[in-house]
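Encoded as structure tokens, the structure appears first; notes follow it.
The values are calculated or read from the model by the stated rules, or taken from the named source; none is laboratory data. Here the structure is a predicted model, which is why all the values come from computation and not from measurement. Here the Cβ positions follow ideal geometry from the backbone for every residue, glycine too, while neighbour counts run over all protein chains shown.
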Amino acid sequence: MIPMILQPASRKEVKRVAVGTLVCDVLLVAGLFLASQFDIGTFDLGKILISAAIGSCVAVLNFALMCLTVQSALGMTDQKKMKAKFQLSYNARMILQAGWTVIAFLIPGLHFIAGAAPVLFPKVTILYLQAKGKLLPPDPPRPETKESTEEPAASSDENL
């Protein structure tokens with residue numbers, strides 16, 4: 001059973017991914033507006049905003065579900081059960097994303113690109129955080145090891 005409460009570290013990462021997804025949404029809307037100025041596609045702000053909002057919710061939900069799966073697997077000792085749990089979670093989350101993408105394509109009241117693109121935004125956010133060195137906390141300082149100041153012992157060849 002997956003615990004339905006995110007731990008503080010997971011909650012922090014979900015918030016970071018949500019903020020990153022929102023920033024990507026703003027860039028997406030701006031990009032779609034600019035494309036429409038060059039007669040590339042149409043710009044219907046209502047369709048775009050609704051589609052981007054739902055797509056972003058699906059993306060952040062997907063990330064949160066992944067965090068919950070990892071949390072629940074931490075206490076498992078059976079590697080086969082852990083692998084099966086991760087595989088089931090992965091498959092379910094991919095079906096969620098694919099299902100949303102198909103819905104965004106089939107429903108005329110939604111903008112396909114604005115709905116489907118946010119599914120990729122958590123990955124973009126994670127890559128950005130990783131590139132900026134903000135993904136993991138810095139390594140704690142390591143204790144210095146005393147290096148030997150003695151000269152290495154002479155090899156037997158030098159004694160000849």
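Annotations
- Residues that are buried (at least 16 other Cβ atoms within 10 Å of the Cβ) and not in a helix (DSSP H, G or I), drawn from segment 1-26: L6
- Hey, F112 aromatic (F, W, Y), in contact with a Pro (Cβ under 6 Å, 6 or more places away or on another chain), surrounded by 12 or more Cβ atoms within 10 Å (Cβ to Cβ) and closer than 19 Å to A52 by Cα or not: no
- In segment 52-84, residue surrounded by the fewest Cβ atoms within 10 Å (Cβ to Cβ) [restricted to those that are closer than 25 Å to I103 by Cα and β-branched (V, I, T)]: I54
- Checking each residue in segment 1-32 for being more than 21 Å from A116 (Cα to Cα) and touching a residue at least 24 places away in the same chain (Cβ under 8 Å) picks out M1, I2, P3, M4, L6, Q7, S10, E13.
- Scope segment 27-51; condition assigned to a helix (DSSP H, G or I) and either loosely packed, with under 11 Cβ neighbours inside 10 Å or of a type in the set (D, E, K, R) (or both); matching residues: A30, Q37, G46, K47
- Residue satisfying all of: in segment 91-109; surrounded by fewer than 16 Cβ atoms within 10 Å (Cβ to Cβ) and not hydrophobic (A, V, I, L, M, F, W, C); farthest from G46 (Cα to Cα) among these: N91
- Checking each residue in segment 102-119 for being in contact (Cβ under 8 Å) with a residue 60 or more places away in the chain and within 16 Å of D25 (Cβ to Cβ) picks out L110, H111, F112, I113, A114, G115, A116, A117, P118, V119.
- Across segment 65-101, the number of residues qualifying as within 18 Å of R11 (Cβ to Cβ) and without any contact (Cβ under 8 Å) to a residue 24 or more places away in the chain comes to 2.
- Residues of segment 78-116 that turn out to be among the small types (G, A, S) and part of a loop (DSSP other than H, G, I, E, B), as a count: 1
- Filter result (of a type in the set (A, V, I, L, M, F, W, C) and either modelled with pLDDT under 95 or within 12 Å of L120 (Cα to Cα) (or both)) within segment 46-56: A52
- Qualifying residue in segment 91-110 (condition: within 30 Å of G133 (Cβ to Cβ) and of a type outside the set (S, T, N, Q)): yes
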